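Okay, structure first, notes after.
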Amino acid sequence: MNYKSNSFFEKLFKSTLKIAALIVIGIFILLFYSLVERSIPSLSQNGLEILLGTSWDPNFEIFGGAPAILGTLFSSAIALVFALPISLCIAIFYTEYGPVRLRPFISGVMDLLAAIPSVIYGIWGLWTLSPILKINFQEPIIASIGFIPLFSGPAYGLSIFLASLILTIMITPIISSISIDIFSKTPMPLREGMFALGATKWEVIKNVVFPFAKRGVFAATILGLGRALGETMAVTMVIGNSYIWPFKSISLFSSASTITSKIASEFPESVVNIIHNSSLISLALVLLLISISINFVAEIISKKSAGRLNV
Amino acid sequence: MKVRRAKDFIIKLISTLVTLLIAVPLLWIIFDVVIKGASALSLEFITSLPAPFGETGGGIGNAIIGTLIINTMACIIGLPLGIATGIYLSEYSNGSRISALLRTAIDTLSGIPSIILGLFAFSIIVIRVGHYTALAAAFALSIIMIPVVSKATEEGMKTVSIDIREGAIALGLPKWIITTKIVLGIAKSSVITSSLLAFARISGETAPLLFTSLFSYYWPRGINEPMASLQVLIYNYAMSGFESWVVKAWGASLLLLLLVLSINILVRRFSTKVV
């Protein structure tokens, strides 16, 4: 091959790569543009009602998104409250107490849990977990402490509680596998120093591993949160898709809606009504802004923590 | 002293129990899907069309084919873009403005909920075309693949040592040959691994298909038509509440779970470095 044809191929190769780069950038920009464009009819007619309004009735063109937005935030927050301690326990067991032989099994379980399609979490939650929980968990609790509004009846099997539970199972693998990574990077000399002073494993974890891993675990948590906020199928199938929660009943066992469940269950029928359709897309825009800002925060924090590891 | 030991023991006990506990949902889901799904499986189930409502028998053959067609199209769009942008970021970026923008685009796209990608494909394709189409579904899924493959390609290529690159330069090879034959050759395994995992991932994605390929009770007639898929079939049938349909949804779940988990297990078994 002579020099000329080489420089031709070089240019061709480089411009192909550049075109690919421009296409992906184009997709990215178009994504925002088209969502904003399609939200405009709703935003110009109803303004901030999509954020603040508490009822939703397409027949009267009332589109208040607050219950769905709160449902998204609340179910994800509950999932985090459960998933974080569970993940920390798993990371502690993996790196400190557990036998090394078990490690491939633990990471295998995490990988497979993360790989199960969300629609399968959905069908399992809907047809297997929901009836069991309703009879063995929700009804006894309502019978005993149902006077507390948070646990009041009636027991809907499909509830914001069930959605949070399934989200917990779905985000635990994310948070725990990153936590395991970070825990294993704790500098050996620090740990050995503590052990040499006669510290127990728990004291080493508390005083060396936790402070070292704090930021990284926080970033992992936020990543898990981002996943939970955007999860659609599993949540849509188990949350019951009602607008009762939280303004008519704040019970954990009440059925509810999230942004994603609202969109998934209503979007196809909304195509005939431009404002209805546009309101759903405005909700999607709210979700997009929440998840982007969350990922942004996680990235800044994890970059800082990566910097710290090099010290 | 005793208190300290006791605390340590309690933490050990709790972390052990919690770790054992997390295996419960995994085994439960797998056994549940296998037991409930196996009763639906038959040759008819995987080779024939859904029976009209009220009739017994029938299958989900069109949904199996549909998922494979949509995934293949998503790969045709997503893999070249993912690999090319990965190469660009690793070898040709030079800190240019395009590469900074590309990196932002890829990082952001990887965190966007998949339902939003479905809405995006609906807005720019389904509305233009005027009807639901499998092409829009493939487009939405390809956006999920791009960041996964791009990041893995970039990272795989960046691990190639400077010695090898300098050796190749000293031989007088042009840069595009070095990039495609040598660097990409070494990074091949991470490209293949990530492509397979991305394929497994999109096989389970349902939300991007709901408003794009929708569903169909017929064999696929063309890629610019609504198309059945395993994922949407599971959702529709499971939510319908009719017992015979729910059984079919479990059967479809079993096939989908087999596909997704076997790819994951194979990839993790044969690749040393997990993406």
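Nothing in this text is a laboratory measurement; each read-out follows from the coordinates by a stated rule. All figures in this text were calculated on a predicted structure; none of them were measured in a lab. Note that each Cβ is placed from the backbone with ideal geometry, even for glycine, and that neighbours are counted across all protein chains shown.
Between B:A170 and A:N6, take the C-beta separation as r, use R0 = 22 Å, and let me know the FRET efficiency to the nearest 0.05.
Working: r = 16 Å, r/R0 = 0.74.
Using R0 = 22 Å, I get an efficiency of 0.85.
Principal axis extents of the C-alpha atoms in chain A (largest first, rounded to whole Å): 75, 68, 32.
As a calculated quantity, the FRET efficiency between A:I29 and A:L289 at R0 = 22 Å, using C-beta atoms, amounts to about 0.90.
From the alpha carbon gyration tensor of segment B:43-274, can you work out the equivalent ellipsoid semi-axes (sqrt of 5 times each eigenvalue) and give them in Å, largest to smallest? Working shown, then result.
Numbers: eigenvalues 310, 76, 36 Å².
One finds semi-axes of 39, 19, 13 Å for segment B:43-274.
Considering the options B:I169, A:A228, B:I202, tell which one lies farthest towards the positive end of the dipole of the protein assembly as shown, charges being +1 on Lys and Arg and -1 on Asp and Glu at the Cβ, about the Cα centre. Looking along the dipole axis, the top candidate is B:I169.
Could you pull out the pairs from A:K134/B:K12; A:K11/B:K188; A:K304/B:K181 whose alpha carbons sit more than 26 Å apart here? The partial results should precede the final answer.
Numbers: A:K134/B:K12 32 Å; A:K11/B:K188 23 Å; A:K304/B:K181 36 Å.
Correct reply: A:K134/B:K12; A:K304/B:K181.
When +1 charges are put on Lys and Arg Cβ atoms and -1 charges on Asp and Glu Cβ atoms, the dipole computed for the protein assembly as shown relative to its Cα centre reaches about 2100 debye. The charge dipole of segment A:3-309, taken about its Cα centre with unit charges on the Cβ atoms of Lys, Arg (+1), Asp and Glu (-1) only, comes to about 1220 debye. Per the Debye calculation on segment B:96-161 with a single equal scatterer at every Cα and no solvent contribution, log₁₀ I(q)/I(0) for q = 0.12, 0.20 Å⁻¹ amounts to -0.40, -0.84.
Radius of gyration over Kirkwood radius for the protein assembly as shown, both on Cα atoms: the Rg/Rh ratio is 0.98.
With n ≥ 4 as the cut-off for DSSP H runs, can you work out [θ] at 222 nm for the protein assembly as shown, using -39500 (n - 2.57) per run divided by the number of residues, rounded to the nearest 500? Estimated from H runs of four or more residues: -23500 deg cm²/dmol.
Looking at chain B, do any whole DSSP H helices span at least 27 angstrom along their long axis by alpha carbon and average -1.0 or above on Kyte-Doolittle, and which?
On the way: long enough: B:2-38 (54 Å, 1.34); B:61-87 (38 Å, 1.65); B:134-158 (36 Å, 1.11); B:184-204 (30 Å, 1.11); B:243-270 (40 Å, 1.36).
Membrane-span-like by this criterion, though nothing is claimed about a membrane: B:2-38, B:61-87, B:134-158, B:184-204, B:243-270.
Calculated FRET efficiency, A:F105 and A:F195, Cβ-Cβ r, R0 25 Å, to nearest 0.05?
Working: r = 26 Å, r/R0 = 1.05.
According to the calculation, E is roughly 0.40.
Within segment B:218-275, list the trypsin sites (Lys or Arg not before Pro) lying in a DSSP loop whose Cβ has at most 14 other Cβ atoms in a 10 Å radius.
Working: sites: B:R221, B:K248, B:R268, B:R269, B:K273; in loops: B:R221, B:K273.
For trypsin sites (Lys or Arg not before Pro) across segment B:218-275 that sit outside H, G, I, E and B with at most 14 neighbouring Cβ atoms in 10 Å, the list reads B:R221, B:K273.
Do any GluC sites (Glu not before Pro) in segment B:1-94 lie in a loop, going by DSSP, with at most 11 other beta-carbon atoms within 10 Å of their beta carbon, and if so which? Spell out each step's value before the answer.
Numbers: sites: B:E44, B:E55, B:E91; in loops: B:E55.
Qualifying residues, ordered by number: B:E55.
If you take every residue apart from B:V247 with its C-beta less than 15 Å away from the C-beta of B:V247, what net charge results, scoring Lys and Arg +1 and Asp and Glu -1? Around B:V247, the surrounding residues sum to -2. As a length-normalised measure over Cα pairs under 8 Å and 6 or more apart, the relative contact order of chain B settles at 26 percent.
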